[in-house]
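The values are calculated or read from the model by the stated rules, or taken from the named source; none is laboratory data. Note that this is a predicted model, so its numbers are computed, not measured. FYI the Cβ positions are ideal-geometry reconstructions off the backbone, even for glycines, and counts take in every protein chain you see. Surface areas here come from the heavy atoms of the whole protein model, side chains and all, with no ligands, DNA or RNA. Shrake-Rupley method; radii C 1.70, N 1.55, O 1.52, S 1.80 Å.
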Amino acid sequence: MNENQLALSSSPHIHGKKTTRSIMGDVCIALLPALAGAVYFFGLRALAVTLLSCAACVFFEWGYRKLMKLDSTVDDLSAVVTGMLIAFVCPVTIPYWALIVGDFFAIIVVKQLFGGIGKNFVNPALAARAFLMLAWPALMTVWVPSMSHVSILSGNSAVPDAVTAATPLAAMHTGALPEASLLELFLGRTGGCLGETSALLLLAGGIYLVVRKVISPRIPLVFLGTVALVAFLFPQGGASGLQWVACSLLSGGVMLGAIFMATDYATSPVTPWGQVCFAVGCGLITMFIRYFGAYPEGVSYAILVMNVCTMLFDRIGRPRRFGLRKKKGGVKA
């Protein structure tokens, strides 16, 4: 080839050191503080639920691609991340069989049937949670208070009524402030899903992802800012605006959702202004469901609704193609 000739090839033309495996590995590392907190607050069953969920997701992904004679993708760690997130959005008391059904739904139905990683249009973990809530709501809404360690071998039916407790969001849904203090909410000494209780540990994981440049802080900050703004403008329970804001941000799954779910590459916009609109929508729908919905939490459904709108948001702020200009009459040349 002549030195002055250019070689034409398909994209991508810019290569970096980051791979899918390295990115997913960073996400796993970022989730470890919250996992450690879950084990401390709820006992070894939290670890058992998480490990089982990861193993089931890896197995289903390997089995499907083996059956369909496709290249294996289990080494990219995306199935492990999905397994961890599914465990994190479930109560620690969830029966193992129900967890495995949720893993199957996430990996096979939501992810692989649409072509695998990067081709699913909604977050697999949140879709699994929505499916489990629809199929077995009684299993997904039994909460134990912090430091009430559940046996590894027990199922949901084995949890005595005496040790169950309402979550802070359940109190807020009735228009009252939660009984837990703001410090307890921040540290995670409350009832709730396995991986959502400790805002401190989730923020630590989020900072790690930002420092590692795995995620941009744009979506989490706008998401949380929208929740804070609505809570400040419409406080309840006789609380001051700032007090209601703090309780709204530190209760439920808004931290987990904003940092680890809404930033999913495949299901969130890529343009900056598209990400802003996406995050605002997530925050508004979350608060709308919290205020007016039958269910006290709205993070999962808010993100899922906005996931299906991602294609539209990608049109917002899209840069004009190089060399494209408009002619008179609106015809592009």
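Under 14 Å from a point 7 Å along the Cα-to-Cβ line of SER22: which residues of the stretch 194-216 have their amide N that close?
The answer is 212-215.
By average Cβ neighbour count within 10 Å, what is the ranking of 284-295, 88-99, 114-125 from highest down? Can you show the working numbers first?
Numbers: 284-295: 17.2, 88-99: 21.9, 114-125: 19.5.
The packing order, highest mean first, is 88-99, 114-125, 284-295.
With every protein chain left in place, what is the accessible area of TRP62 in Å² (1.4 Å probe, nearest 10)?
120 Å²
Greater than 21 Å separation of Cα atoms is the criterion. Which listed pairs, LYS17/LYS213; LYS18/LYS66; LYS18/LYS69; LYS69/LYS119; LYS18/LYS213, meet it?
Details: LYS17/LYS213 12 Å; LYS18/LYS66 27 Å; LYS18/LYS69 27 Å; LYS69/LYS119 18 Å; LYS18/LYS213 10 Å.
Correct reply: LYS18/LYS66; LYS18/LYS69.
Starting from the Cα of PHE292, step 7 Å along the direction of its Cβ; do the same at LEU44; then give the gap between the two resulting points in nm.
Here the modelled spin labels are 4.8 nm apart.
Tell me the trypsin sites (Lys or Arg not before Pro) within the stretch 182-261 that lie in a loop according to DSSP and have at most 13 other beta-carbon atoms within 10 Å. Could the numbers behind the result be given before it?
Numbers: sites: ARG189, ARG212, LYS213, ARG218; in loops: ARG189, ARG212, LYS213.
Hits after loop and neighbour filter: LYS213.
With a Förster radius of 41 Å, plug the Cβ-Cβ distance of GLU184 and TYR265 into 1/(1 + (r/R0)^6) and report the FRET value to the nearest 0.05.
On the way: r = 34 Å, r/R0 = 0.83.
So the FRET efficiency works out to roughly 0.75.
Hey, what did the chain get for relative contact order, percent, Cα under 8 Å, at least 6 apart? Walk me through the numbers before you get to the answer.
Values: 535 pairs, mean separation 57.3, N = 333.
After rounding, I find 17 percent.
Between VAL109 and ASP71, 0.36 nm times their residue separation minus their Cα-Cα distance comes to what?
On the way: separation 38, 0.36 × 38 = 13.68 nm, distance 1.82 nm.
Gain in length upon complete extension: 11.9 nm.
Of all the accessible heavy-atom surface of the chain, with the other protein chains kept in place and a 1.4 Å probe, what percent is carbon and sulfur? Please report the intermediate quantities before stating the final value.
Details: 11280 of 16770 Å².
The value for the chain is 67 percent carbon and sulfur by accessible area.
Counting Lys +1, Arg +1, Asp -1, Glu -1, what net charge surrounds LEU67 among other residues with beta carbon under 15 Å of its beta carbon? Present the calculation step by step, with values, prior to reporting the outcome.
On the way: positive: ARG65, LYS66, LYS69, LYS111; negative: GLU61, ASP71.
Its environment carries a net charge of +2.
How large is the dipole of the chain about the Cα centre if only Lys and Arg carry +1 and Asp and Glu carry -1, each at its Cβ, rounded to the nearest 20 debye? Don't skip to the end; give the middle numbers.
Details: 24 positive and 14 negative charges, 365 e Å.
The dipole magnitude comes to about 1760 debye.
For the residue pair VAL308 and THR141, what label-to-label distance in nm results when each label sits 7 Å from Cα along the Cα-to-beta-carbon direction?
Placing both labels 7 Å along Cα→Cβ, they lie 2.2 nm apart.
In percent, what relative contact order does the stretch 169-326 have, based on Cα pairs under 8 Å that are 6 or more apart in sequence?
Values: 220 pairs, mean separation 38.5, N = 158.
Contact order relative to length: 24 percent.
What full-extension length gain, to one decimal in nm, is calculated for ARG318 and ALA204 as 0.36 nm per residue of separation minus the Cα-Cα distance? Mind showing how you got there, number by number?
Numbers: separation 114, 0.36 × 114 = 41.04 nm, distance 3.20 nm.
Length difference between fully extended and current span is 37.8 nm.
What spacing in nm lies between the two simple spin-label points modelled at ALA55 and LEU233, each 7 Å away from Cα in the Cβ direction?
Those two pseudo-labels are separated by 4.9 nm.
Would you kindly state how much longer the chain becomes between ILE152 and LEU242 on full extension, computed as 0.36 nm times their sequence separation minus their alpha carbon distance, in nm to one decimal?
Numbers: separation 90, 0.36 × 90 = 32.40 nm, distance 3.95 nm.
Gain on extension, ILE152 to LEU242, equals 28.4 nm.
Could you provide, to the nearest whole Å², the per residue accessible area of the chain with probe 1.4 Å?
Accessible surface, normalised per residue, equals 50 Å².
Provide the net charge surrounding VAL210, with neighbours chosen by a C-beta distance below 14 Å and charges set as Lys +1, Arg +1, Asp -1, Glu -1.
Net charge around VAL210: +2.
So for the stretch 245-322, averaging the separation of alpha carbon pairs under 8 Å that are six or more residues apart and normalising by length, what relative contact order in percent results? Walk me through the numbers on the way to the answer.
Numbers: 72 pairs, mean separation 28.8, N = 78.
With pairs under 8 Å counted, the relative contact order is 37 percent.
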